[in-house]
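Please treat every number below as a calculation from the coordinates, not as lab data. Just so you know, these numbers come straight off a predicted model, no measurement behind them. Cβ: placed from backbone, ideal geometry, glycine included. Neighbour counts: every protein chain shown.
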Amino acid sequence: MRSALRIAREEWRRLRRERAAWAAFVVLMALWATSAFTAWSQQRDIDADRSRRQAQVDHEFEAQPDRHPHRMVHYGHFVFRPVHPLAAFDPGVEAYTGHTLFLEGHRQNSANFGDVRQSSLLLRFGALTPAMVLQVLAPLVLVFLGHAVVARERESGTLRLLLAQGVTPGQLVLGKLLGLVGLAALLLAPAMAGLLAVAVAGSAPAGATAVLAAGHALWMLIWAVGVAAVSALCARAQTALAALLVAWAFGVVALPRLATELAAASLPLPTRLETDIRIARDLAQIGDSHDPDDPYFNGFRQQVLAQYGVSRVEDLPVNYKGLLGMEGERLTARLFEQYATAAFDLQQAQVQQLDLWALLGPVIALQRLSMALSGTDLHSYRRFMEAAERHRYQFVQALNRLQADKLSYAGDRSSRDSRIGHEHWQGIAEFRLEPEPPREALRRALPAAGVLLGWVVAALALLGWAARRLARSAP
């Protein structure tokens, strides 16, 4: 072990003397600082803006004058997706899904105002975020600075001398690996310090933050071991650099995009227009609450009359139009839920298919872990949409109930008697999304963490095989 530590120290001395190493380190730190400052500044502004707008639309809803409850159903309400404390680190799918949702009766709308639709096309190719710097650029710096870590000894002829002096191939490779691990730790240090600060400040769950940091540490360890192994296997440093660049270009840049396109092609999602047509067709089959001769709602009317023991809707103790609105909303909401569930299940199937590609590229597992712990994955978006739909249904039905209880059937048709006091709007549309329990995010991240650990084991096995070949290949 002492020989390995001595070799690691020598490797560090060499790196300190290289201007290219300092230049690469400074550039990466500048990119990290820029991405971190920009991301956290934007998150703070976005969080404040959404909170302000949510308070504004809540106030405007409650400030509506006396009017018919069904007019408030169509007036609708806006809800804004809360910002996760770690979303600045990895925005995940947030740029594509949208964050503003309009809730109204008889419809289930999609979230709007995703950043991709409002920004330049450059955002579609990846924004500069802390996660992107660590997942894409940091391994590239490690490749350029460490590709010759063992191959250099073979090219210069010092490998035979080291072996002749009693240094075993295992000690040599271990020493070089320790040097690369130290370099990787140095590249990770600013990000780890930033995540630690967020956790200490209490704005993010400590457990999720720790696992997020550990996942990226495993990512850099995979690359450190892989770089050492390839360098030990290649006879020339240029060959090692070419092989590592190909691995980086395919595994980090091309594979995630290729896997995403293949998953989307094998499990295509219906377009919004196709979904709207299918929903309209199914709604027509359910029945039309506005049609007095509709078979389903004729049966519903008879059921209500029998329940209250009267023969005419005018004799009901409640407003039949309100009951009719409640039944129509119940049927349409159930249909909307079926289509939304099917769409989300199909997207989840795409994600599960994408997970299989992590066996070829650990960056996919890292991205899954990072988005899950940052609250920016598909599950987090689905959780917001489903909570918003439950809220939409509850506040629309509350308004329909007000129509049934506060207005008479006869007065409902009178412009003078068809209004109720504005005090009934107070608090009815307030939306609050409770934060997800941290253990749920950790549970979703666990399989991805297992894949990363598997890649570490595989990389170490490759390095061990390379060390055994090193003595036989020494010139």
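Worth pointing out:
- Unit charges at the beta carbon, dipole of the chain: most positive-side option, A24, I279, L188: A24
- Environment charge of F297, counting only residues whose C-beta is closer than 10 Å and scoring Lys/Arg +1, Asp/Glu -1: -4
- Cβ-Cβ FRET estimate between Q426 and V457, R0 fixed at 60 Å, reported to 0.05: 0.50
- Extending 7 Å from Cα along the Cβ direction at S311 and again at E60 yields two label points whose distance is 5.1 nm.
- Among the DSSP helices (H) of the chain, those spanning at least 15 angstrom by Cα along their long axis with an average Kyte-Doolittle hydropathy of -1.0 or more are 19-62, 169-201, 206-233, 237-248, 255-266, 272-286, 295-308, 320-356, 362-374, 438-473; this is a geometric and hydropathy rule only.
- Per residue, the convex hull around the alpha carbon atoms of segment 180-329 comes to 229 Å³.
- Expected 222 nm ellipticity per residue - DSSP helices of 4 or more, -39500 (n - 2.57), all of the chain, to 500: -23500 deg cm²/dmol
- Semi-axis lengths (Å, descending) of the ellipsoid that matches the C-alpha gyration tensor of segment 243-286: 42, 7, 5
- Reduced Cα scattering model of segment 28-75, Debye log10 I(q)/I(0), q = 0.22 Å⁻¹: -0.80
- 32 Å tail of the calculated P(r), the chain, as % of Cα pairs: 54 percent
- Ellipsoid semi-axes in whole angstrom, largest first, where each is sqrt(5λ) of the Cα gyration tensor of segment 133-246: 34, 15, 9
- Sorting M29, M1, M72 from the fewest to the most surrounding beta carbons within 10 angstrom yields M1, M29, M72.
- Principal axis box of segment 350-470, alpha-carbon based, largest edge first, Å: 94, 24, 15
- If you model segment 183-259 as an ellipsoid using its alpha carbon gyration tensor, with each semi-axis the square root of five times an eigenvalue, the axes come out at 32, 15, 9 Å, biggest first.
- Footprinting exposure proxy for L373, L28, L462, L159 (fewest neighbouring C-beta atoms within 10 Å first): L462, L28, L159, L373
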